[in-house]
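Written out below as structure tokens is the structure these notes cover.
Please treat every number below as a calculation from the coordinates, not as lab data. Because the structure is predicted, anything quoted here is derived from the model rather than measured. Cβ sites come from the backbone with ideal geometry, for glycine too, and all protein chains shown count toward neighbours.
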Amino acid sequence: MAARVRTIYVSNDNLLKLNGLQNGDDLSYMNSADVTATLLEADGVTEVTGETWPIVLAYEAASNGNYKATLTDVLVLTAKKKYFCNLVADGGAGLHADWTVPVRAQTRFE
């Protein structure tokens, strides 16, 4: 997952995806990992209100390690504000990954 800033739209449902999750040892796709996400305020600690965190990303059937979840429109977001999305993938012993991705909230007409 690249470290570029992602966009999340205020007052909209947003699709959160993790594509191509792979085992770092043999590069096989991980299709049965437990994948979760938590959206954090700019301080990197406080959870965004409007959701019970973490949310579960479901495996997309017949994909190569793709997972997705919906971030609902009830999240309390402020346009032009920075957030962080913390993703955790757990595929069992020795197969754990953790990413923190910067996110910027915006309205659809910006």
Among strands (runs of 3 or more DSSP E) completely within the range 1-56, the ones holding 1 or more residues that are among the small types (Gly, Ala, Ser) and over 17 Å from Ala79 (Cα atoms) are 34-40
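Regarding Asp25, is this residue surrounded by fewer than 14 Cβ atoms within 10 Å (Cβ to Cβ), of a type outside the set (Gly, Ala, Ser) and closer than 18 Å to Ala105 by Cα?
The answer is no for Asp25.
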Against the condition among the small types (Gly, Ala, Ser) and surrounded by fewer than 16 Cβ atoms within 10 Å (Cβ to Cβ), how does Ala89 come out, does it pass? no
Within the range 42-54, identify whether any single residue is in contact with a Gly (Cβ under 6 Å, 6 or more places away or on another chain) and surrounded by fewer than 17 Cβ atoms within 10 Å (Cβ to Cβ), and answer yes or no. no
Tell me which residues, restricted to the range 57-100, are among the aliphatic types (A, V, I, L, M), over 12 Å from Lys17 (Cα atoms) and in a strand (DSSP E or B). Val88, Ala89, Ala97
Enumerate the pairs (first residue in the range 89-106 and hydroxyl-bearing (Ser, Thr, Tyr); second residue anywhere and not in a strand (DSSP E or B)) with beta-carbon separation below 8 Å, excluding pairs fewer than 6 apart on the same chain, so at least 6 apart or on different chains. Thr100/Gly44
